[in-house]
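S.K.: My questions all concern the structure below.
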Amino acid sequence: MSVTAPKGFRAAGAAAGLKPSGRPDVALVVNDGPSDAAAGVFTTNRVQAAPVQWTRQALADGRLRAVVLNSGGANACTGPDGFADTHHTAEHVAKALGIGAGDVAVCSTGLIGVRLPMDLLLNGVTRAVPHLSAEGGPAAAEAIRTTDTVSKQAVRTSADGSVTVGGMGKGAAMLAPSLATMLVVVTTDAVADVATLGRAVSEAARLTFQRIDSDGCLSTNDTVLLLASGASGVTLPEEELTALVTEVCMDLGRQMIGDAEGATKDIAITVTGAATEDDALEVGRAIARNNLLKCALYGKDANWGRVLAAIGTTSAAFEPDELDVAMNGVWVCRAGAPGESRDLVDLSGREIAIIADLHAGGAEATIWTNDLTDGYVYENSAYST
């Protein structure tokens, strides 16, 4: 039940008419408490949508009672009128729920540069409120899809069963750090203060959403929120809570890569032997963003030379004649030169594992990406989303 799996949460989804398809496009998530502690992380794009600006302000006191999300329009690059629309949306939700507008986060996704039809959006909120329930998580997850082909949900429970963490997200394109293009709401019934939640969501995002990179594009609307109801009455050690949140975020991130626009391959790029973790991440992202390599993998071509070419564009510490590369367990490059035959590499399956060993230290990191296909080009050229 994703965001409603933890105690103390209700959710709903509704069709407001924002999408021409008539599919659900407005979601509500409500925290019934007893706690309303919350934290979040947001896009680092300097062009930020009105909902991001609003929600940053709403989170300033570390409290949220509700999140309203819409697909069918990003409300980004819409000027002062767009921010007023976000404010109006929060006020409408607040009035319907009997809470303050400052306790309502607003998230939007869809086409940039177009104002939302407020009459449709607000009517959608009004229709969603009566359907709020502890079983409403899947309906909310469905309502935030854009080009996602499936909804994305995840749940984890502590070892003793006392605390649950649930989450829903959307993301299928413009997936790149930082964050990766997405709207994500994670909930827990643990008792936790704002500082703990802030550290937990920041660390989880660092290890998950910051390490998926589909197309190198950074959105204006990225938002990841973590809400705690405290309804379990249990306070977990911070490390355990952070681990649960990270597992949920990793699950959602993998689902996003698996559903990336046009993707036929899920590619794990592990950089080992790096001098620092930052070096490993830089190299991993350079490989993940190499369109020539991504096209080759779509064509089932183990073109390891493109891996080395990508590594060479970075500032990481390495010696070119010490680089090793493996594809699906076959070390096709040894010491910067041909290794085992590339004909031994089986790229027929969905998952591909690439290892790049820099032989420069003991740090490592894994970046997830996908192949580049004609499906991606079609998705982003045939129509607006």
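The values are calculated or read from the model by the stated rules, or taken from the named source; none is laboratory data. What you see is a predicted model; the values in this text were computed from it and never measured. Here the Cβ positions follow ideal geometry from the backbone for every residue, glycine too, while neighbour counts run over all protein chains shown. Just so you know, the surface numbers come from the protein's heavy atoms only, side chains and all, with ligands and any DNA or RNA stripped out. Shrake-Rupley method; radii C 1.70, N 1.55, O 1.52, S 1.80 Å.
S.K.: Among DSSP beta bridges lying fully in the chain, give the percent that are antiparallel, nearest 5.
M.R.: In the chain, DSSP labels about 70 percent of beta bridges as antiparallel.
S.K.: If you take every residue apart from ARG23 with its C-beta less than 15 Å away from the C-beta of ARG23, what net charge results, scoring Lys and Arg +1 and Asp and Glu -1?
M.R.: Taking every Cβ under 15 Å from that of ARG23, the sum is +1.
S.K.: If you roll a 1.4 Å probe over the heavy atoms of the protein chains, what accessible area per residue do you get for the stretch 45-127, in Å²?
M.R.: On a per-residue basis, the stretch 45-127 sits at 41 Å².
S.K.: Near the amide H of SER35, under 5 Å away, which other amide H atoms are found, from residues 5 or more places off or on another chain, if H is placed in the peptide plane?
M.R.: GLY230, ALA231
S.K.: Right, another one. Would you mind giving the three semi-axes, in whole Å and largest first, of the ellipsoid equivalent to the stretch 110-170 according to its Cα gyration tensor?
M.R.: Equivalent ellipsoid of the stretch 110-170: 29, 16, 9 Å, largest first.
S.K.: Pick from THR147, THR43, THR313: which is most flexible by mean-square fluctuation in a GNM of the chain where alpha carbon atoms under 10 Å apart are linked?
M.R.: Among THR147, THR43, THR313, the largest mean-square fluctuation in the Gaussian network model of the chain belongs to THR313.
S.K.: Against the longest principal axis of the chain, how steep is helix 79-97, in degrees 0 to 90 to the nearest 10, with axes from Cα atoms?
M.R.: 60
S.K.: If one computes the Cα centroid of the stretch 9-60 and of the stretch 253-275, what distance in Å separates the two points?
M.R.: 26
S.K.: Let me ask something additional. Relative to the longest principal axis of the chain, what angle (0 to 90°, nearest 10) does the C-alpha long axis of helix 194-207 take?
M.R.: Computed tilt is about 30 degrees.
S.K.: Could you please tell me the mean projected area of the C-alpha convex hull for the chain, averaged over all directions and given in square nanometres to one decimal?
M.R.: Its average projected convex-hull area is 18.2 nm².
S.K.: Run down the lysines and flag those whose C-alpha is under 24 Å from the C-alpha of LYS170, throwing out any fewer than 8 positions away in its chain.
M.R.: Cross-link targets: LYS7, LYS19, LYS152, LYS265, LYS294.
S.K.: Follow-up question, since we're still on this one. Angle between the Cα long axis of helix 277-288 and the longest principal axis of the chain, 0 to 90 degrees, nearest 10?
M.R.: 80
S.K.: GNM, the chain, Cα, under 10 Å: largest mean-square fluctuation among ALA154, ALA16, ALA363?
M.R.: Taking springs between Cα atoms under 10 Å, the residue moving most is ALA363.
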